[in-house]
Each structure stands twice: as C-alpha cells, then as structure tokens.
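Student: Below are the structure tokens for one structure; questions will follow.
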Amino acid sequence: MSRVGNKPIILPKGVEVKREGNLFTVKGPKGTLTREFSDVIKINVLENEVTFERPNDEPKVRALHGTTRANLHNMVVGVSEGFTKKLELIGVGYRVQASGKGLTLALGYSHPVEIAPVEGIHFVVEGNTKITVEGIDRQLVGQIAANIRAKRPPEPYKGKGVKYVDEIIKRKEGKKG
C-alpha cells in the first residue's frame with residue numbers, strides 16, 4: 001500500500017489545477033507549470049483537492065502511484081511557495097558576482113566561470129560567497145544548483161570549493177612527513 005500515493009493533495013488558496021487528457025496545468029501566484037502524466041494512474045481533480053488511484057498492485061504501477069502524486073505535489077508547492085537551494089563558496093579568492101541575470105564565479109581557475117541565466121530561475125547573491133537559486137520547478141532548481149556545484153566541488157583536504165549550505169564535507173588527513 002503506497003502511503004504517499006494514497007495521500008490527497010490539498011490545494012492552497014489561489015492554486016488551480018486544470019486537466020486536458022493527461023496534460024496537467026497548475027496555476028498559482030508564482031507562475032504556471034505544465035506536465036504530462038501517465039494514463040495508468042487515475043487522477044481525480046476535485047474543487048480543492050486531488051486524489052490518485054491505481055488499477056492494480058503490479059510493482060511498476062505501485063512505484064508510479066507515489067511518483068505521480070509526488071510530482072504533482074511538487075508542482076503545487078512550486079507555484080504557491082517556490083523552491084530554493086543555497087550554495088556557499090569556500091576558499092581564498094573564491095567569490096561570486098551577479099552579472100545581469102547570470103553569475104560570474106571566481107573559483108581559482110585562470111578564467112572566470114560564467115553561469116548563463118535560465119528562464120524560470122532567479123539567482124540571489126549574498127555578500128560575495130553565498131548564492132541562492134530560486135524557482136518554481138523543483139527539478140530545474142536542483143539541476144542548476146548541481147551544475148554550479150560541479151564547477152568546483154568541495155575537496156576533502158582543505159574543504160575548498162562550492163558546497164550546499166547544509167552539506168557536510170568529510171575531511172581527510174593530509175600526508176604525514
């Protein structure tokens with residue numbers, strides 16, 4: 001029995017879900033998201049809640065049950081509250097600057113690293129070492145944050161690099177002479 005899939009989604013005030021076949025559009029105060037879902041799971045859109053039913057207990061259908069509910073819930077939360085990921089630069093000379101809607105990072109390379117602006121994503125720079133990635137699409141926010149982190153992942157000896165604010169870096173001991 002899927003605990004996630006059986007839980008209904010209660011729609012907050014100002015959020016509406018429209019259905020056209022398997023295409024769902026969620027509209028809220030922060031924007032609009034559209035996604036196509038599988039027709040295996042039956043999605044019932046009522047006036048202020050959305051419920052999910054599965055036809056049988058096959059493993060793939062059970063997995064799709066919870067995933068469908070989680071994806072639609074993320075769309076509802078995204079258009080009502082939005083998602084954020086916070087990153088931090090650690091290292092001497094590592095800094096970030098907002099350049100237009102994009103970012104320019106100094107990460108110890110011989111050249112600055114440019115992050116191009118992405119539609120639906122907003123960057124907030126705090127000081128010159130903290131970046132906040134904001135948007136309504138959870139997957140896109142996480143992907144952009146991961147792409148920024150991949151430019152210089154934190155290394156285990158000195159801890160230098162780009163890391164998530166809540167990330168814990170396991171430190172290693174250096175060579176012993």
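Student: Tell me, which residue of the stretch 153-177 that is open to solvent by 60 Å² or more (accessible area, probe 1.4 Å) and closer than 18 Å to ASN128 by Cβ is farthest from the chain's Cα centre (by Cα)?
Tutor: Of the stretch 153-177, the ones open to solvent by 60 Å² or more (accessible area, probe 1.4 Å) are 153, 157-158, 160, 165-166, 168, 170-173, 175-177.
With the extra rule that they be closer than 18 Å to ASN128 by Cβ, the set shrinks to 160, 165.
Working: LYS160: 24, VAL165: 15 Å.
Filtering the stretch 153-177 for residues that are open to solvent by 60 Å² or more (accessible area, probe 1.4 Å) and closer than 18 Å to ASN128 by Cβ, the one farthest from the chain's Cα centre (by Cα) comes out as LYS160.
Student: Here's another thing I want to ask about it. So ILE131 ticks every box in (1) at pLDDT 95 or above; (2) open to solvent by 50 Å² or more (accessible area, probe 1.4 Å) but one. Which box is left unticked?
Tutor: Condition (2) is where ILE131 drops out.
Student: Return a yes/no flag: does the stretch 65-78 have any residue that is modelled with pLDDT under 95, more than 28 Å from ARG149 (Cα to Cα) and surrounded by fewer than 16 Cβ atoms within 10 Å (Cβ to Cβ).
Tutor: Scanning the stretch 65-78 turns up no residue that is modelled with pLDDT under 95, more than 28 Å from ARG149 (Cα to Cα) and surrounded by fewer than 16 Cβ atoms within 10 Å (Cβ to Cβ).
Student: Right, another one. Just to be sure I understand the filter: pairs with C-beta atoms under 9 Å, separated by 6 or more residues or on different chains, first member in the stretch 123-139 and farther than 15 Å from LYS101 by Cα and of a type outside the set (Val, Ile, Thr), second member assigned to a strand (DSSP E or B) and open to solvent by 70 Å² or more (accessible area, probe 1.4 Å). Which pairs pass?
Tutor: From the stretch 123-139, the pairs are GLY127/ARG95; ASN128/ARG95; ASN128/GLN97; LYS130/LYS86.
Student: If you scan the stretch 23-38, which residues turn out to be open to solvent by 50 Å² or more (accessible area, probe 1.4 Å), of a type outside the set (Val, Ile, Thr) and closer than 19 Å to GLN139 by Cβ? It would help to see each step written out before you state the result.
Tutor: Of the stretch 23-38, the ones open to solvent by 50 Å² or more (accessible area, probe 1.4 Å) are 23, 27, 29-30, 32, 34-36.
Still in the running and of a type outside the set (Val, Ile, Thr): 23, 27, 29-30, 35-36.
Within the stretch 23-38, LEU23, LYS27, LYS30, ARG35, GLU36 qualify.
Student: Does ILE144 count as closer than 24 Å to ILE168 by Cβ, over 13 Å from the mean Cα position of the chain (by Cα), outside the structural domain of ASN71 (by the TED database) and crowded, with 16+ Cβ neighbours inside 10 Å? Show your work before the answer.
Tutor: Numbers: closer than 24 Å to ILE168 by Cβ: yes; over 13 Å from the mean Cα position of the chain (by Cα): no; outside the structural domain of ASN71 (by the TED database): yes; crowded, with 16+ Cβ neighbours inside 10 Å: yes.
So ILE144 fails the test.
Student: If you check ILE41, ILE10, which single one turns out to be open to solvent by 90 Å² or more (accessible area, probe 1.4 Å) and on the phi < 0 side of the Ramachandran plot? Outline the logic, then answer.
Tutor: Values: ILE41 fails: open to solvent by 90 Å² or more (accessible area, probe 1.4 Å).
None of the others qualify; the one that does is ILE10.
Student: Is it the case that VAL61 is outside the structural domain of GLN143 (by the TED database), hydrophobic (A, V, I, L, M, F, W, C) and either surrounded by fewer than 16 Cβ atoms within 10 Å (Cβ to Cβ) or under 16 Å from the mean Cα position of the chain (by Cα) (or both)?
Tutor: The answer is no for VAL61.
Student: Can you list the strands (runs of 3 or more DSSP E) found entirely within the stretch 58-177 that contain at least 1 residues being of a type in the set (Gly, Ala, Ser) and out of contact with any Gly (no Cβ under 6 Å at 6 or more places or on another chain)? Talk me through it step by step, then tell me what you get.
Tutor: Values: elements: 83-90, 95-99, 102-106, 113-115, 121-126, 130-135, 161-164.
In the stretch 58-177, the matching strands (runs of 3 or more DSSP E) lie at 95-99, 102-106, 161-164.
The values are calculated or read from the model by the stated rules, or taken from the named source; none is laboratory data. Model, not experiment: these values are computed from the prediction. Because the Cβ atoms are built from the backbone with ideal geometry, glycine has one as well, and the counts that use them run over all protein chains shown. Ligands, DNA and RNA are excluded from the accessible area calculation, which covers all protein heavy atoms including side chains. Shrake-Rupley method; radii C 1.70, N 1.55, O 1.52, S 1.80 Å.
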